[in-house]
1. GluC sites (Glu not before Pro) within segment 99-156: which are DSSP loop residues with at most 12 other Cβ atoms inside 10 Å?
2. For segment 66-130, just the Cα set please: Rg and Dmax, both in angstrom.
3. Considering only the other residues whose Cβ falls under 15 Å of the Cβ of Gly119, what net charge follows from Lys and Arg at +1 and Asp and Glu at -1?
4. Pop out the carbon and sulfur fraction of the accessible area of segment 131-271 as a percent, whole number, probe 1.4 Å.
5. Which lysines have a Cα lying under 25 Å from the Cα of Lys15, excluding residues fewer than 8 positions away in the same chain?
6. To the nearest Å, what is the center-to-center distance of segment 44-89 and segment 1-20, using C-alpha atoms only?
7. Using alpha-carbon pairs under 8 Å, 6+ residues apart, how would you state the relative contact order of the chain in percent?
8. Write down the Å³ per residue value for the convex hull defined by the alpha carbon atoms of segment 135-218.
Amino acid sequence: YVALATSNLPAPAIKDGTAHFQPTLYTGDGSVRNIDQTGNSTFQPDMVWIKNRSATDSHSVFDAILGVTNYWIPDTASVETTNADSLTSFDSDGFGLGTGAGGWNDNTEDFVAWQWLAGGGAGSSNEEGSINTITTTVNTAAGISISTFTGNATGGATIGHGLGAAPEFMIAKSTTGGHPNIVYWKNLGGHYGTDMDLLTAPSDLATYWNDVDPTSSLITLGSGATNTSSVKMLIYAFTSIEGFSKIGSYTGNGVTDGPVTYTGVKPAYVM
């Protein structure tokens, strides 16, 4: 045995987490501008989630597949929306904004932007499943994959995600039609789906994930809101990476000295 010391622990797969994920705080000024990352490293984000901290504007999620100025709103059953004054570029060290009134760059208001690195751009089609994705961008080192595909409302249809490990958390979103945003979480498994935009308990519906957990290569879809017929679907898939991220659960105890959840890393972001 050796002493319990940092020098005797194995090197983490990701030595600098800021090379794959960063939260950035900024104050809006109502002018066209760039928001620069402030971590040890910089990267061109493929997913940017922005929230106004000073007002009740909705959350906005942008990604490289939908492209600049296009976003969806996780707190409502929204469709893909376009605003030329929102996020205007994915930069090598952050992102660009337009004048952004309405939840991105309002003058004197405070914002947070959570930024993830996926595959470094819009990616290409993944053809491993029964449905070829329109495009998939994936970062296997950090455990994040973003894909779009055209739904066919067929329970048991599959798409490839490219992670090389089974996703533990997923968000499926229809970009048209106003369907709910459906979440998969490993601790509930493929029997359940959670409406991200509703204050409801998880639903035991096979129409979400067809009662099948994802594998290291494929995501199985139901016939409902995760796979709407003839609609462009968007899906984010995450898996835990030791020393970088952790997806799990805890049981509340209702007292001040609450439960401790071991993550293996000092979190920069907690959902």
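The values are calculated or read from the model by the stated rules, or taken from the named source; none is laboratory data. All of these numbers come straight from a predicted model, not from anything done at the bench. Heads up, the Cβs are rebuilt from the backbone with ideal geometry, glycines too, and the neighbour counts pull from every protein chain shown. SASA here: full protein model, heavy atoms, side chains in, ligands and nucleic acids out. Shrake-Rupley method; radii C 1.70, N 1.55, O 1.52, S 1.80 Å.
1. In loop regions of segment 99-156 (DSSP not H, G, I, E or B), the sparsely surrounded GluC sites (Glu not before Pro) are Glu127.
2. 14.3, 49
3. Charge balance near Gly119 sits at -2.
4. With neighbouring chains kept in place, the figure for segment 131-271 is 55 percent.
5. Lys246, Lys266
6. Answer, in whole Å: 35.
7. Computed value for the chain: 17 percent relative contact order.
8. Convex hull volume per residue, Cα atoms: 99 Å³.
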